[in-house]
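As structure tokens, the structure follows; a few thoughts come after it.
Rule-based calculations on the coordinates, nothing more; no lab input. Remember, predicted model here, so these are calculated numbers, not experimental data. Heads up, the Cβs are rebuilt from the backbone with ideal geometry, glycines too, and the neighbour counts pull from every protein chain shown.
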Amino acid sequence: MLEARGLTKRYGGLLAVDRVTFSVQHGEVLGYLGPNGSGKSTTVNMIVGLLQPGSGTIALNGKSQADDSVGYKERIGYVPEEPFLYTHLTAAEYLTLVGRLRGMPQDALDRKVTELLKLFLLWDARYSTMTAFSKGMRQRVLLAAALLHNPDLLVLDEPFSGLDVNASLLFRSLITMFAAQGRMILFSTHRFDMVEKVCTRAVILSKGRIVAEHVVSASRQGDSASLESLFHRVTDQQDFTPVARDILAIVQG
């Protein structure tokens, strides 16, 4: 289980994350929702070890991140929102680099890289450097790299950004099956449709604090309170219906 307890992070006088507490159980996909500036990215960066919490604790399967940061990171796969890669490399070269940094045996690594390139529909571009890749192709490389070492926890930050329809369907199936094997997924996104399709539970962040929790399976069974309506209510989001109406009136006038 992933346990985050009382996570707090300040940037000077700005309180970006304020005593955030949540957990992700084995076999669970937890949706992490919030408007821009709510603290989602800061939380994700603390979970994956890119930022140190000002206070609070993070533990994976009972082992503290602070006590063994290297061992903690070895059990995590991470797909960031922006696909920053060494684009002068081919996808195979990049995955091989990642596998070697993680200390994977060369025979197993070579086999996995070949098979993953085929399954992620990247085989035809195996001789091209990633400079020529679309954003969706780069996202697929990042997901392959995140899964390469068979992690216990997969952290996804807007993983569907830039994906085409086929790749989105593949990602959805993969997330569902990964969790079904008893793994954990933290899924940070702004897309309600994806949360309602792949997550079992969601927490909503606003102004650095968790303001609501939602059991997504209930909405799939016809719960009258949709996740989107709950989000708008607890985060005080503007109703854009009148604005949309005015825009259409202008362009159609």
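Worth pointing out:
- Lys, Arg +1 and Asp, Glu -1 on Cβ, resulting dipole of the stretch 1-151 about Cα centre, debye, nearest 20: 160 debye
- Distance violations [Cα-Cα > 29 Å] among K40/K135; K9/K197; K40/K73; K63/K118; K40/K112: K9/K197; K63/K118; K40/K112
- Relative to the Cα centre, the charge distribution of the stretch 85-150, modelled as +1 at Lys and Arg Cβ and -1 at Asp and Glu Cβ, gives a dipole magnitude of about 180 debye.
- Label selected from [x] 16.5; [y] 12.7; [z] 18.2, the criterion being mean projected area of the Cα convex hull in nm² as computed here: [x]
- Highest mobility in the GNM of the chain, judged by mean-square fluctuation with C-alpha springs under 10 Å and restricted to Y78, Y127, Y11, is found for Y11.
- Charges were assigned to the Cβ only: +1 to each Lys and Arg, -1 to each Asp and Glu. The resulting dipole of the chain about its Cα centre is roughly 260 debye.
- Ranked by how many other Cβ atoms sit within 10 Å of their own Cβ, fewest first, the residues D110, D124 fall in the order D124, D110.
- Think of the stretch 83-126 as a dipole: +1 on every Lys or Arg Cβ, -1 on every Asp or Glu Cβ, centred on the Cα centre; then among L122, P105, L89, P105 lies furthest on the positive end.
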